[in-house]
Each structure stands twice: as structure tokens, then as C-alpha cells.
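Have a look at the structure below, then the notes.
Just so you know, all these numbers are worked out from the coordinates, no wet-lab data involved. All of these numbers come straight from a predicted model, not from anything done at the bench. Neighbour counts run over all protein chains shown; Cβ positions are idealised from the backbone, glycine included.
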Amino acid sequence: MPDLYFSLYPWIKALHIMAVIAWMAGLFYLPRLFVYHAERSAVGSELDQTFQIMEEKLLRLIMNPAMIVAWLAGLVLLSMGVFDWGAAWSWIKIVSVLAMTAAHGWMAKRRKEFAAGQNTRSGRTYRLFNEVPTVLMVVIVTAVIVRPF
């Protein structure tokens with residue numbers, strides 16, 4: 001069984017990378033939708049309803065499943081012993097992935113506020129927040145590929 005388990009490593013890694021790419025696409029796009037939603041639509045308008053559908057489908061059909069698959073595949077990779085628990089890069093990645101998950105949760109809460117017609121944040125807030133996933137991605141990729149620490 002261990003031979004089969006480890007022969008699946010490249011497949012699990014590929015699945016992990018594909019899921020992360022899909023998750024990141026959503027994390028980059030959803031705040032942009034929020035910017036336009038906050039700046040261009042009145043509560044209850046047809047445009048408001050359109051943005052709500054787009055945001056809900058992006059989160060429910062793409063981002064949530066991608067995050068779950070990324071986490072599951074990542075945990076399987078962890079169980080295979082690919083992490084160096086004594087190296088700083090491993091801990092930087094874990095903390096950054098937890099921050100990415102928290103950012104995902106923050107966006108999910110904002111989507112619910114838009115759906116309830118209770119958004120109080122400006123487009124500027126969402127523009128600034130749009131940089132969070134980018135910074136976290138740079139940190140994660142640098143930590144894993146370059147391993148500067």
C-alpha cells in the first residue's frame with residue numbers, strides 16, 4: 001500500500017496546484033465584483049441582483065470547492081512527509097494559507113451583507129482588500145519555491 005500511496009504523489013500535487021489556481025482566481029475576482037457592486041448598483045436594482053448572482057455562484061461553485069480540494073490535497077501531501085517542519089518556509093506557508101482561508105471567510109461574509117442589502121463598505125475598501133490574496137500568494141510561492149529561510 002505505501003508504494004501505491006507514494007506513486008500517487010505527483011497526481012495529488014497536481015490536483016493541489018490546480019485547486020489552488022482555481023481558488024486564487026476566485027480570491028482575485030470576487031473583491032473586484034464587490035468594488036463594482038458597491039460603486040455601481042443600488043440595493044434592489046436589477047444590477048444589484050445580477051452582482052448577487054455572480055458573487056454567489058463564484059463563491060459556491062468555484063471558490064468553496066476549490067478551497068476544500070486545495071486543503072484536502074495539501075493535507076494528504078503533509079501526510080506524505082513533504083514538509084520540513086524544522087524549516088521556516090513550512091511555517092510561513094502554513095500561516096499564509098490560514099490567512100488565505102481567513103480572507104476567503106471575510107469575503108463570504110461580505111457576500112452575505114450584499115445579499116441582505118447591508119453592505120456598508122466602499123469600493124475603496126474592496127480595492128485595498130483585493131491586494132491581500134496577491135501578497136499572500138507572493139509569500140507562499142516564494143516560501144515554497146525559493147525557500148529563503
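Scanning the range 1-47 for residues that are crowded, with 16+ Cβ neighbours inside 10 Å, in a helix (DSSP H, G or I) and free of Cβ contacts under 8 Å to residues at least 60 places away in the same chain yields Leu15, Ala19, Val20, Ala22, Gly26, Tyr29, Leu33. Of the residues making up the range 114-145, those that are among the hydrophobic types (A, V, I, L, M, F, W, C) and either crowded, with 16+ Cβ neighbours inside 10 Å or in contact (Cβ under 8 Å) with a residue 24 or more places away in the chain (or both) are Phe114, Ala115, Phe129, Val132, Leu136, Met137, Val139, Ile140, Ala143, Val144.
If the condition is being crowded, with 18+ Cβ neighbours inside 10 Å and under 19 Å from Ala99 (Cβ atoms), then the range 48-72 contributes Leu59, Met63, Ala66, Met67, Ala70.
Within the range 86-101, residues that are touching a residue at least 60 places away in the same chain (Cβ under 8 Å) have Cβ atoms under 8 Å from residues that are among the charged types (D, E, K, R) in these pairs: Ala87/Arg147; Trp89/Arg147, counting only partners at least 6 apart in sequence or on another chain.
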